[in-house]
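I have placed the structure first, in the form of structure tokens, so that the comments after it can refer back to it.
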Amino acid sequence: MTLDTTPIFALLKEREKDWIALRREFHRQPELMYDVDRTATRIAALLESYGLEVQRNVGHHFGKGIVGILRGGKIGKTVLFRADMDALPIQERTGADYRSAVEGAMHACGHDAHMTMLLAAAYGLSRFRDRFAGTIKFVFQPAEEGAAVSPVDGILRSGGRDLVESGVADDASAAFAFHVWPELPAGWIGVHRGYAMAASTHFRIAFRGRSGHHGSPHLAADALLMAAHFAAEARAAVYAAVDPLEPFAFAFGTLRAGTVINAIAESGEAAGTYRAFEERTVLRVRSVLERCAAACAERFGGEYEASFRMGKALINDARGVEAVLRAGASAAGSERTVLLEKPSLAGEDFAYYLDKAPGAMVLIGVGNAEKGIVHPLHHPEFDLDESALVVGAKLFVQLVAEVGEGSIVGTEVDR
């Protein structure tokens with residue numbers, strides 16, 4: 001059964017103002033990490049109103065995912081689409097009418113758009129469910145931007161890892177996710193062959209010392225010095241351990257120690273991320289960081305504790321890429337659907353889904369210099385050209401047609 005996407009495209013365009021309003025609603029009410037109850041409730045209600053079967057509280061560890069299931073007119077394979085729900089702890093500075101109403105939180109990575117595109121596609125496909133074969137799983141996950149300690153086993157997990165380990169992708173024959181991309185003009189679609197995004201590993205090194213009076217430093221163990229020396233030494237040690245010809249990035253994000261000006265700090269902490277494509281490099285850098293932390297703690301008479309959220313490189317499947325290129329030609333035009341040469345050192349936990357099923361992460365252009373939409377992801381003035389919402393929704397729909405025609409489903413993963 002071949003899905004004619006023309007009437008669905010027309011319906012999506014007809015309701016464009018609704019999708020813009022929905023994106024702005026999400027934008028005004030950002031939620032962080034796993035604290036996405038309001039957003040998840042709204043998504044579940046919309047999916048149910050479209051006539052989908054809805055699974056709430058998905059995820060064995062945190063139970064914050066939402067899955068909408070749409071069954072076609074005939075039995076067939078299952079395609080999984082994923083969107084992320086969480087925002088970032090950034091104070092918005094756009095001044096837009098729809099700016100964040102939550103102090104210190106902002107959708108600075110476009111997840112509001114990802115949710116909207118996928119919901120729009122769910123609406124459009126639900127109106128023509130008798131015309132395609134198989135099942136579509138619309139997965140909305142929390143905590144793409146970071147990880148939290150699982151209450152079940154104490155391991156740091158992102159939302160994607162939680163959902164995948166909970167079986168959400170076990171029956172998928174293909175999987176796709178989108179990410180808005182300000183470096184591409186609005187209306188354009190980009191995709192990488194092979195490596196798309198790096199393994200982004202988060203680390204947090206906590207130091208423990210002994211507090212004391214500044215007049216008696218020999219009776220104390222200064223955790224501030226442990227953290228400060230670690231921050232200075234770890235960067236040099238890490239870059240000395242990595243092949244200079246290999247793509248790699250390392251940076252600290254926070255450095256904290258002490259509580260008052262006239263007492264030696266009892267605790268200190270340094271945290272940050274590093275990004276690489278090769279697993280051996282990811283593991284080597286972890287070892288270097290732990291050795292540096294141990295040396296700094298011992299030098300000043302303290303102890304350390306390290307926690308890591310290990311990253312995973314995102315590698316697009318070759319057949320998934322070809323499906324995207326064909327679908328993009330229908331959704332945006334072949335001249336606006338491009339292969340991207342350089343992978344990004346950004347990280348994405350959609351990598352876990354691609355372990356289960358062939359597919360790809362697709363970049364949706366949202367930049368528009370004429371409108372002043374030029375800021376990068378994670379910037380307090382980040383915004384996007386909302387004409388991209390319909391483009392993304394159309395691409396989701398067209399991928400159903402591509403997958404249904406057997407261009408990727410049932411094949412072996414080829415990377």
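The values are calculated or read from the model by the stated rules, or taken from the named source; none is laboratory data. Everything quoted here is computed from the prediction, not taken from an experiment. Cβ sites come from the backbone with ideal geometry, for glycine too, and all protein chains shown count toward neighbours. Remember, those area values only see protein heavy atoms, side chains included, never the ligands or the DNA or RNA. Shrake-Rupley method; radii C 1.70, N 1.55, O 1.52, S 1.80 Å.
Just a few scattered comments:
- For a label point 7 Å along the Cα-to-beta-carbon line of residue 20, residues of region 181-199 with backbone N under 20 Å: 181-182, 185-188
- Highest-first arrangement of 3-14, 107-118, 122-133, where packing means the average Cβ count within 10 Å: 107-118, 122-133, 3-14
- Among beta bridges identified by DSSP and lying wholly in the chain, the antiparallel ones come to about 65 percent.
- Rounded Å value of the spacing that divides the Cα centres of region 121-166 and region 265-323: 26
- Carbon/sulfur fraction of accessible area - region 177-222, other protein chains in place, 1.4 Å, %: 56
- Label separation (residue 149 vs residue 35): 1.7 nm, computed from points 7 Å beyond Cα along the C-beta direction.
- Efficiency of FRET from Cβ geometry, residue 93 and residue 334, R₀ 45 Å, rounded to 0.05: 0.75
- For the pair residue 204 and residue 130, the difference between a 0.36 nm per residue extended length and the Cα-Cα distance amounts to 21.6 nm.
- Overall dimensions of region 110-209, expressed as equivalent-ellipsoid semi-axes from the Cα gyration tensor (√(5λ), whole Å, largest first), are 31, 20, 13.
- Working from Cα pairs under 8 Å separated by at least six residues, relative contact order for region 200-309 is 44 percent.
- If you look at the Cα atoms of region 200-309, you get an Rg and a Dmax of 14.8, 49 Å.
- Dipole magnitude for region 162-215: computed about the Cα centre from +1 point charges on Lys and Arg Cβ and -1 point charges on Asp and Glu Cβ, it is near 540 debye.
- With a simple spin-label model that places each label point 7 Å from the Cα along the Cα-to-Cβ direction, the separation between residue 252 and residue 49 comes to 4.8 nm.
- Relative contact order, percent, region 1-155 [alpha-carbon distance under 8 Å, six or more residues apart]: 35
- Å² per residue, accessible surface of the chain at 1.4 Å: 42
- About its Cα centre, the dipole of the chain is roughly 320 debye, where the only charges are +1 on Lys and Arg Cβ and -1 on Asp and Glu Cβ.
- If R0 is taken as 30 Å, the Cβ-Cβ distance between residue 283 and residue 171 corresponds to a FRET efficiency of 0.45.
- Note on residue 103/residue 235: beta-carbon distance plugged into 1/(1 + (r/R0)^6) with R0 of 22 Å gives a FRET efficiency of 0.10.
- Cα gyration tensor, region 294-403 - rounded (a/c under 1.5), prolate or oblate: oblate
- About the Cα centre, charge dipole magnitude for region 200-309 (Lys/Arg +1, Asp/Glu -1 at Cβ), debye: 120
- Using only the C-alpha atoms, the convex hull of the chain corresponds to 142 Å³ per residue.
- Solvent accessible area, Å² - residue 155, 1.4 Å probe, full protein context: 70
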